[in-house]
Amino acid sequence: MKKPFIEANDEVGELPGTFFAKATRGRPPLPEADRKQRVNVMLDPDIVARLKAGGKGWQTRLNATLREALGM
């Protein structure tokens, strides 16, 4: 089992040099099958307003709506 970096007193312990040698910046990439494809689509202003009125996640909701409309 790996030794935790948080010590009993809730302090972060000193990290070994090997930790930084293996460190990479950012998140690991998603598997190819799970990646989204960036596209540009022109939509009517009232459509965009209606989607954005639902708050955060409007692009995800649009994706779900398109999947449903396409029977996917």
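General observations
- Most positive-pole-ward Cα, PRO29, LEU62, LEU43, against dipole of the chain from beta carbon charges: LEU43
- Crossing angle, helix 58-69 versus the chain [Cα axis fit, 0-90 degrees, rounded to tens]: 60 degrees
- Each Lys and Arg Cβ is given +1 and each Asp and Glu Cβ -1; about its Cα centre, the chain then shows a dipole of about 280 debye.
- Working note: 222 nm ellipticity from helices only, DSSP H runs with n ≥ 4, each -39,500 (n - 2.57), summed and divided by the residues of the chain, gives -10500 deg cm²/dmol to the nearest 500.
- Bridging of LYS56 to aspartates and glutamates at a Cα separation below 19 Å is possible for ASP46, once same-chain residues fewer than 8 apart are set aside.
- Percent of alpha-carbon pairs separated by more than 18 Å within the chain: 67 percent
Every number here is computed from the coordinates shown, using simple stated rules; none is lab data. Keep in mind that what you see is a predicted model, and the values were worked out from it rather than measured. No Cβ is skipped: glycine too gets one built from the backbone with ideal geometry, and neighbour counts run over all protein chains shown.
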